[in-house]
1. Applying the selection to the range 291-317, what residues are among the aliphatic types (A, V, I, L, M) and either outside any helix (DSSP H, G or I) or outside the structural domain of C629 (by TED's automatic domain parsing) (or both)?
2. Restricting to the range 165-174, give me the number of residues that are part of a loop (DSSP other than H, G, I, E, B) and either in contact (Cβ under 8 Å) with a residue 60 or more places away in the chain or among the acidic types (D, E) (or both).
3. Restricting attention to the range 83-121, which residues are farther than 16 Å from G32 by Cα and part of a strand (DSSP E or B)?
4. Considering every residue within the range 62-70, establish whether at least one is more than 24 Å from S626 (Cα to Cα), outside any loop (DSSP other than H, G, I, E, B) and among the aromatic types (F, W, Y).
5. Of the conditions (1) assigned to a loop (DSSP other than H, G, I, E, B); (2) within 16 Å of the chain's Cα centre (by Cα), D320 clears all except one; give me its number.
6. Quick one: I156 ticks every box in (1) of a type in the set (A, V, I, L, M, F, W, C); (2) assigned to a strand (DSSP E or B); (3) closer than 30 Å to Y302 by Cβ except a single one, so which number is it?
7. So, S571, is that one assigned to a loop (DSSP other than H, G, I, E, B) and surrounded by fewer than 21 Cβ atoms within 10 Å (Cβ to Cβ) or not?
8. Could you list all residues from the range 1-29 that are at pLDDT 95 or above and part of a loop (DSSP other than H, G, I, E, B)?
Amino acid sequence: MPRETLTVSRHGTFPLYVCASESLKLIGTIDGRFPDFGHHVEKEMGGLWLHPIKLLDGFWLRFQDLDADQVDLWTIADEFQNHPEGNVFRYHANLGHTPIRITRSQIAPEPDSPDAAGMVVEYAFFNTASLPRRLKLDFFVRTDLRPVWFSEEQGIHDDDDEGIWLPEEQVFLAKDRSHPWYAAAGSIPAPDTVETGAAAGQGPENTAGRGTSVRFQYAFTVAGGETKRLRCILAGSGTSRAACLEAYRTLTVQRDFWAEKALRYQRLLEKSRLEIEDLHFQTCYDWVKVNTDWLILDAGVYGRGLSAGLPEYPWWFGCDSTYSLQGVLAMGDYQLCRDTLNLLRGYSEQVNGNGRVVHEVTTAGFCFNPGNTQETAHFITMIWDYYEWTGDRELADQSFPFLEKAAAWLRSQDPEGDGFPRGYGIIEIPGLDSKMLDTAVYAAQSYGSFSKLCALKGLEEAAAEYAALERRCIERINQVFWDPGEGLYCDTYTSGADVDLRRDAILGRLYGPGAEMGRQALREALDKKSALDPQTLSGWLLNYAWIINTPMETGAAPRDKADRALAILHSPRFIGPYGMYLSGLFRDQSMTISTGVMAVAQARYGYADRSLELLEKMFSAFSAGSPGCISEMLPDYGCFVQAWTIYAVMTPIVRYFFGLNPSASRQEVRIAPNMPRKWAKGGLKQVRVLDGEASVTYYRDNGREYYRIEYSGTGTICFEVPSGRTGIAGGKTYQSGDLVKSDRTLEIQIFL
């Protein structure tokens, strides 16, 4: 299937979908309705959002066929089709005895300004009969102009909406009574009659909030075999009436918004283009890139960056971003990386001012959590990775004063001086806020990254200090976190007394299927170790959590430990039908991030087949939660689209299977491929690296792999001959570990 016509269809009711531009997010169910749901803003996470405000609870169509008995109903779609550009609903089975077939298509064009935006919803009414049909239609819109989550705590309170029909403009305009928040609705053709407020009555779903309503009514005849169309326009602004009406007017012109937006996704899919024989895998790969683009959120003066997930986390996170942006780099969107990193740095300076990186910031700029310890470490490394991949020295230099404070703050969280900062890591489990493995590993990695950034600035003394600190931390991690009896890394390093203080919190978090069995196993482990000197620091496996992959994910584990741990982790104890379990104690939940980190860890140490198996398990949940998406919690729970899935997909494939690792500091593109055995041939085309694009194609035949690498930039191609192999390029033989260099094009045979 051509990438530009990528679609997914589904019959059903409840699963959610999104229709997105960078500014606008419409979230409803695939039967075309808008039920109340959500917990951050209770019952309000669906509908139409123009961050940092909500515009509408939803819109609905009432359909009457005056020439059919008892055909007077609020429409419910029986087929949903997801496109990268927008959505299509089809109405047939639920329309009763009428020859009319209805199709609804909707799209959110990219706006000229993030302060005001809108979308177009078009209904097509096709008469399959030979005789004309007289139709009566109601288009019902319910506004709900209100602020994003956590705004009330900052003194911004929702008020009643007031609406008015503007006959000169032929548009309905609603405003929050206390704020300059506006929503507009109209149609082409204009409605025959308009009812507003209480006179509009009720729609098919009672929605929460302090909104107002408008009902547009239409009457027309559809001849036999004819199609008639009703084009409804919805717009809004968080700043002014004029901006709202201007956004509305731009959507009333006759333009092919679908074709315009299709070009966006054509360009997206052309970059880092995967070509393999497994078409299902290739399709999932493409959709993950599309899903990531849907999560870009431009909130105007509040910033532009990659949001975490829909529907519950449509704002910005330190942790989610520092994972996700690794995949976004491989996807080729340098500007999104730059904008997100600048946004996080800016809010961290504003909120903390001491180098600590924020955890969670809403699209109104309010910080809910000033930052988990791991996030500061991860951010430092992400700046270095961004520089190495892009060569963008400007961002590295602009960020350096903040990074100096960040490195110092990280060290200040280690009062014992053992190299391991205290505080919550990624998993944020109550009670597990001591010296966590992921924080220790990412801290060590960040010290190495900061050392290289110091060297880039000519600060040799600081570079040497942080390089030595990285080495000491990695050595200590492998001493005190490693459990030789288990053959695994422990998830925390602390004392028995410290664990006893947290015992109730640690045991109390266990719930759901298998909880009591898990509690009992954990009690026994706690009791056994608590018998030791309560003040003795040691490694504890309190959760068998997925973070025990992080030493392998980052390359901190020596080969012998990595081989042993990765073999144990690649077992039913840790891997389920959809990927890696969050916990080896319960084995009941998997996420794209847990699966992705393990896939990267396996690939990094050469286990490409295991890594591919994990990705295939994750892809088996494709469309389980929402058509065209992979849910945060596999197979179909949590956010139906999640940012860090791009990390789970792109990082093992681009950086380890195809082996693309650019280095701006060395002005080279290092290529060290390690292809899964299932992929007998394939290609990765037009990957943006440094100042050019790289493409790698290969095939396997008769005991050899044949590679062709093309690069359009100014750096040097450096192909690393895989361990234990020999290769031939340009008539010359190369041994394991040799670098075969070229400026533009390289062809090499590798003996298996």
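The values are calculated or read from the model by the stated rules, or taken from the named source; none is laboratory data. In this text the structure is predicted, and so the values were computed from the model without any measurement. In this analysis, Cβ positions are derived from the backbone assuming ideal geometry, glycine residues included, and neighbour counts consider all displayed protein chains.
1. Keep residues of the range 291-317 that are among the aliphatic types (A, V, I, L, M), which gives 295-297, 299, 301, 306, 308, 310.
The answer is L295, I296, L297, A299, L306, A308, L310.
2. Of all residues in the range 165-174, those part of a loop (DSSP other than H, G, I, E, B) come to 167-170.
Pick out the ones that are also either in contact (Cβ under 8 Å) with a residue 60 or more places away in the chain or among the acidic types (D, E) (or both) and you get 168-169.
Of the residues in the range 165-174, 2 are part of a loop (DSSP other than H, G, I, E, B) and either in contact (Cβ under 8 Å) with a residue 60 or more places away in the chain or among the acidic types (D, E) (or both).
3. Answer for the range 83-121, where residues must be farther than 16 Å from G32 by Cα and part of a strand (DSSP E or B): I100, S113, A116, A117, G118.
4. Applying the first criterion (more than 24 Å from S626 (Cα to Cα)) to the range 62-70 yields 62-70.
With outside any loop (DSSP other than H, G, I, E, B) added as a condition, the list becomes 62-65.
From what is left, the residues that are among the aromatic types (F, W, Y) are 63.
Within the range 62-70, one or more residues are more than 24 Å from S626 (Cα to Cα), outside any loop (DSSP other than H, G, I, E, B) and among the aromatic types (F, W, Y).
5. (1)
6. (2)
7. Values: assigned to a loop (DSSP other than H, G, I, E, B): yes; surrounded by fewer than 21 Cβ atoms within 10 Å (Cβ to Cβ): yes.
Considered against the rule, which asks whether it is assigned to a loop (DSSP other than H, G, I, E, B) and surrounded by fewer than 21 Cβ atoms within 10 Å (Cβ to Cβ), S571 comes out as yes.
8. Of everything in the range 1-29, those that are at pLDDT 95 or above and part of a loop (DSSP other than H, G, I, E, B) turn out to be S21, E22, S23.
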